[in-house]
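Novice: Can you keep this structure in mind? I'll have questions shortly.
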Amino acid sequence: MELSYYYGYEAEQFSFYRIPKLLFTDSRFAGISTDAKLLYGILLDRMSLSMKNGWHDEQGRVYIIFTLDDVAETLGYKTEKAIKLFNELDTKKGVGLIERVRQGQGRASLIYVKNFAGEKQTSERPKSRPRKNRGQDFG
């Protein structure tokens, strides 16, 4: 296979998954496989779609729906491998980067993607502070 080079802005024509560097440098995440870190990056990417769709619970927490079949299809794995990756990330069996909430009756589980960088916050939504208009001098 012979591939061509990128020229100018051609590289910007694609979408990319972003995986937080902290997942590779922080010792809390040392036991997670690279595949699970990739899945977490994909789940983070799905968060923007969920926010656009207004998918949040009564506490304001954004959730996503991404089934085992979605994982298997996206990453090219069998369902068993997708289960293993979810378990690595899950709060019950893994490191706690996601929390899956079953809805029952054949409906897909809700997935809450947790903040990898921060400590646990209270269930109260953080309040944003109004910004003061400042000039370009930051004194």
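Where a number appears in this text, it was derived from the coordinates with a stated rule and is not lab data. Only a predicted model underlies this, so the values are computations on that prediction, with no experimental measurement involved. Counting neighbours? That spans all protein chains shown, and the Cβs are built from the backbone with ideal geometry, glycine included.
Novice: Taking θ as phi - 60°, what are the ³J(HN,Hα) couplings along the range 96-102 by the Karplus curve (6.51, -1.76, 1.60), each to the nearest whole Hz, with x for Gly and Pro?
Specialist: x, 7, 9, 10, 9, 10, 6
Novice: For residue 114, which aspartates and glutamates qualify as cross-link partners when the Cα separation must be under 19 Å and same-chain residues fewer than eight apart are set aside?
Specialist: The reachable aspartates and glutamates, counting only those whose Cα sits under 19 Å from residue 114, are 26, 35, 45, 57, 58, 88, 90, 99, 124.
Novice: Of 71, 104, 24, whose Cα points farthest to the positive end of the dipole of the range 15-113 (charges on the beta-carbon: +1 Lys, Arg; -1 Asp, Glu; origin at the Cα centre)?
Specialist: Toward the positive end, the furthest listed residue is 24.
Novice: Under 13 Å from the Cβ of residue 46, count the other residues' Cβ atoms, weight Lys and Arg +1, Asp and Glu -1, and hand me the total.
Specialist: So the surrounding residues net to 0.
Novice: Let me ask something additional. Name the shape class, rounded, prolate or oblate, that the alpha-carbon gyration tensor gives for the range 15-113, where a ≥ b ≥ c are the square roots of its eigenvalues, rounded holds for a/c under 1.5, and otherwise prolate holds if a/b is larger than b/c and oblate otherwise.
Specialist: Verdict is rounded for the range 15-113.
Novice: Right, another one. Return P(r) of the range 7-50 (all Cα-Cα pairs; 10 Å bins starting at 0; whole %; ordered from short to long distances).
Specialist: 25, 40, 26, 9
Novice: Also, I was wondering about something else. Pairs of alpha-carbon atoms within less than 8 angstrom and 6+ residues apart define the contacts here; what relative contact order does the range 15-113 have, in percent?
Specialist: Relative contact order for the range 15-113 comes out at 24 percent.
Novice: Using the Cα centre as the reference, give the magnitude of the dipole from point charges on the C-beta atoms of the range 15-113 (Lys, Arg: +1; Asp, Glu: -1; all else neutral), rounded to the nearest 20 debye.
Specialist: It comes to approximately 120 debye.
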